[in-house]
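Report on the structure given below.
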Amino acid sequence: MNQITKPVIAGVIGTAIMSLFMLLSTTMGVPKMSPPAMLSGMLGVPTAVGWIMHFAIGATFAIGYALFVARLFKKISNVYLKGALFGLLAFIFAQVAMGVLGAIFPMPAVEGSMAMMMVGSVLGHLVFGVSVVRFLS
């Protein structure tokens, strides 16, 4: 596979695993989180478009990891640590992007504890990062 195809597949797999994790995390007290619903609500597009965007963002993050971030993590031998660090970077980038989007588009109301939502989001991005890096290793 070439430099783009494998990361795209890794991003789609990582996004699917993250989405499933976020869905299941509601059973552990984390408020319901749906990035596709949030995207579609902010942009006024159908939820299906939000899902497409969610997976496209995941694929884009994975391409970014493969082309740029992996070089920064060369000295780290543990794939899970690399994945966790990448997941934290993805979380930070996502929060900045949502802040910018929120300044432009109306943000949907948050249901439940904001602190628990942030914990769930961090964990979801950690799962995403580990899944992507594990697939690419």
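Remarks
- Identity of the residue in the stretch 1-26, open to solvent by 20 Å² or more (accessible area, probe 1.4 Å) and touching a Gly at 6+ places or on another chain (Cβ under 7 Å), that ends up modelled with the lowest pLDDT: Phe21
Residue-wise test of (1) more than 11 Å from the chain's Cα centre (by Cα); (2) of a type in the set (A, V, I, L, M, F, W, C); (3) under 17 Å from Phe93 (Cα atoms).
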| residue | (1), (2), (3) |
| --- | --- |
| Gly14 | no, no, yes |
| Ile17 | no, yes, no |
| Thr26 | yes, no, no |
| Gly41 | yes, no, no |
| Thr47 | yes, no, no |
| Ala59 | no, yes, yes |
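- Qualifying residue in the stretch 57-78 (condition: closer than 22 Å to Lys6 by Cβ, touching a Ser or Thr at 6+ places or on another chain (Cβ under 7 Å) and assigned to a helix (DSSP H, G or I)): yes
- Qualifying positions in the stretch 44-65 - closer than 18 Å to Val100 by Cβ and open to solvent by 60 Å² or more (accessible area, probe 1.4 Å): Gly44, Ile57, Thr60
- Pair list, Cβ < 7 Å and 6+ apart or interchain, from the stretch 6-32 residues that are on the phi < 0 side of the Ramachandran plot to residues that are exposed (fewer than 15 other Cβ atoms within 10 Å of the Cβ) and part of a loop (DSSP other than H, G, I, E, B): Thr26/Lys32; Pro31/Glu111; Pro31/Gly112; Pro31/Ser113; Lys32/Glu111
- Of note, Ala94 satisfies the criterion of being without any contact (Cβ under 8 Å) to a residue 60 or more places away in the chain, in a helix (DSSP H, G or I) and farther than 13 Å from Val132 by Cβ.
- Meets criteria (aliphatic (A, V, I, L, M) and touching a residue at least 24 places away in the same chain (Cβ under 8 Å)) for Ala59: yes
- Per the listing Lys82, Lys75, the residue uniquely open to solvent by less than 60 Å² (accessible area, probe 1.4 Å), at pLDDT 95 or above and either touching a Cys at 6+ places or on another chain (Cβ under 6 Å) or of a type in the set (Lys, Arg) (or both) is Lys82.
- Scanning the stretch 37-47 for any residue that is in contact (Cβ under 8 Å) with a residue 40 or more places away in the chain and closer than 29 Å to Gln3 by Cβ turns up nothing.
- The set of residues in the stretch 97-109 that are in a helix (DSSP H, G or I) and open to solvent by 50 Å² or more (accessible area, probe 1.4 Å) comprises Val100, Ala103, Ile104.
- Single condition Gly129 does not satisfy, out of (1) at pLDDT 95 or above; (2) out of contact with any Phe, Trp or Tyr (no Cβ under 6 Å at 6 or more places or on another chain); (3) open to solvent by less than 70 Å² (accessible area, probe 1.4 Å): (2)
The values are calculated or read from the model by the stated rules, or taken from the named source; none is laboratory data. Treat the numbers as computed from the prediction; the structure is a model and nothing was measured. Using ideal geometry, Cβ is built from the backbone for each residue, glycine included, and neighbour counts are taken over all protein chains shown. The area values use the complete protein model at the heavy-atom level, side chains included, leaving out ligands, DNA and RNA. Shrake-Rupley method; radii C 1.70, N 1.55, O 1.52, S 1.80 Å.
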